[in-house]
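See structure below.
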Amino acid sequence: MANSFSFSMATCRKNLLSTIMIMLGLLITISRHSTVAEVGVCYGRLGSNLPCPEAVVALYKQNNITKMRLYDPDPPTLRALGGSGIELLVGIPEADLPDLAQCQCHANDWVHAKIASYPNVKFRYIAVGNEVNTSSMYAPLVFPAMQHIYNALCEAGLESHIAVSTSIKTDLLEKSSPPSDGVFKSSVSWYIKPIVEFLRDTNAPLLANVYPYFAYMNDMENINLSFALLQPNSGVVLGCVYYDNLFYAIVDAVYSAMEKILAPSSSGSSTTAASAATKPTPKLTVSESGHSTPPKPPPKPQRVGDGDINTVENARIYNNNLMRIVKKGTPKRPGAPIETYIFAMFDEDLKPGPEYERHFGIFLPDGQPKYPLRFY
């Protein structure tokens, strides 16, 4: 989950194009008329005291949360989601990648057992791996597994309803400041280039876990806390472009990196390059973003600037601001809402890693909110 942030048609058919754009804009507005369509919550299950899936789904509905990220196709949770109307981003764990990458038949079986067998679940995305380490044995398996899962969805007639992607962490970027200079590390080009090309060709978004929280922790000297907490009137100019907040800056750095990796190569055929140039850069869906809190409630209220970033108040400020800013677009994608999943529904005391990794929850196990957070 850890991330880092190291800090630019011809007018002859103007009337016709304007009409088309207005019609498209109306369609988009109708399908996304409420901001709840843009914000979901990750349901991590690495906790020893979590409520049952039925209670979790009820909590989602009670709080008007209409999107869920689930890290594996857990049968009890899928059954609980049936008929709920909640849209699902479901993950495929790394342990399943060898079989799925090796044989199309395994992917066909997986889609039949984990997707097609739950016709009342509103699957939205399948994430093939989450933050797969590019130096691990699983990294070369991600792209072929994505291809096989997509082929299996086509075989089942589901490819127009469910997108296949993978979730990355932003430390795959070599440079991210200014955002217009965002570029992937050359050492990971073999990994990310075919994935981004596949997403472009299948009209699927890249999933990225975007954490201003970690960016600030890694560079407190150069990043202002209010900028990292997405506070109003805390923006900065990066590469001659004004950025309201660090979240926008990270998202645009990933967009810039995708644009560069998709730039036509002079060594490729002109036909191939021309065909690729007509396809847009994949959209970005933020598959995780959030803020940690202390293991136990503090004895007294804490304020911004009290020293420790891991405060309930900072988490409240960040996630409420996040829900506000994702309604809008970044400087590179103005006016385009950013589909985002808050991490996470509950604290996960069984999660490995540093202590703060276990305290990103926004609800307590009894269903009470850890702090005020309204899903519009």
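Is it the case, given these coordinates, that Tyr376 is touching a Ser or Thr at 6+ places or on another chain (Cβ under 7 Å), within 30 Å of Pro179 (Cβ to Cβ) and assigned to a loop (DSSP other than H, G, I, E, B)? When the stated conditions are applied, Tyr376 passes them. Filtering segment 337-349 to residues that are within 18 Å of the chain's Cα centre (by Cα) and in a loop (DSSP other than H, G, I, E, B) leaves Pro337, Ile338, Glu339, Phe343, Ala344, Met345. When segment 148-167 is examined, which residues are found to be assigned to a helix (DSSP H, G or I) and either at pLDDT below 95 or not β-branched (Val, Ile, Thr) (or both)? Matches in segment 148-167: His148, Tyr150, Asn151, Ala152, Leu153, Cys154, Glu155, Ala156. When the strands (runs of 3 or more DSSP E) confined to segment 27-143 are screened for residues that are modelled with pLDDT of 95 or more and surrounded by fewer than 21 Cβ atoms within 10 Å (Cβ to Cβ), those reaching at least 2 such residues are found at 122-130.
Counting the residues of segment 331-376 that are among the hydroxyl-bearing types (Ser, Thr, Tyr), surrounded by 15 or more Cβ atoms within 10 Å (Cβ to Cβ) and modelled with pLDDT under 95 gives 1. Scanning segment 77-104 for residues that are touching a helix residue (DSSP H, G or I) at 6+ places or on another chain (Cβ under 9 Å) and more than 29 Å from Pro372 (Cα to Cα) yields Arg79, Ile92, Glu94, Asp96, Leu97, Pro98, Asp99, Leu100, Ala101, Gln102, Cys103, Gln104. Just checking, how many residues over segment 308-328 are under 16 Å from the mean Cα position of the chain (by Cα) and either buried (at least 16 other Cβ atoms within 10 Å of the Cβ) or of a type in the set (Phe, Trp, Tyr) (or both)? Adding up the residues that qualify gives 5. Whether any residue in segment 214-231 is buried (at least 17 other Cβ atoms within 10 Å of the Cβ) and farther than 30 Å from Arg316 by Cβ is what I want to check. Checked segment 214-231: no residue is buried (at least 17 other Cβ atoms within 10 Å of the Cβ) and farther than 30 Å from Arg316 by Cβ. Among all residues of segment 191-206, there is none that is farther than 20 Å from Thr285 by Cα, of a type outside the set (Lys, Arg) and surrounded by fewer than 22 Cβ atoms within 10 Å (Cβ to Cβ).
From the list Pro352, Pro334, Pro365, which residue is part of a loop (DSSP other than H, G, I, E, B), farther than 14 Å from Thr293 by Cβ and either touching a strand residue (DSSP E or B) at 6+ places or on another chain (Cβ under 9 Å) or of a type in the set (Val, Ile, Thr) (or both)?
Working: Pro352 fails: either touching a strand residue (DSSP E or B) at 6+ places or on another chain (Cβ under 9 Å) or of a type in the set (Val, Ile, Thr) (or both); Pro334 fails: either touching a strand residue (DSSP E or B) at 6+ places or on another chain (Cβ under 9 Å) or of a type in the set (Val, Ile, Thr) (or both).
Just one listed residue meets the conditions, Pro365.
The values are calculated or read from the model by the stated rules, or taken from the named source; none is laboratory data. The structure presented is a predicted model; accordingly, all values stated were derived computationally and were not measured. When we count neighbours, we look across all protein chains shown, and the Cβ atoms used for this are built from the backbone with ideal geometry, even at glycine.
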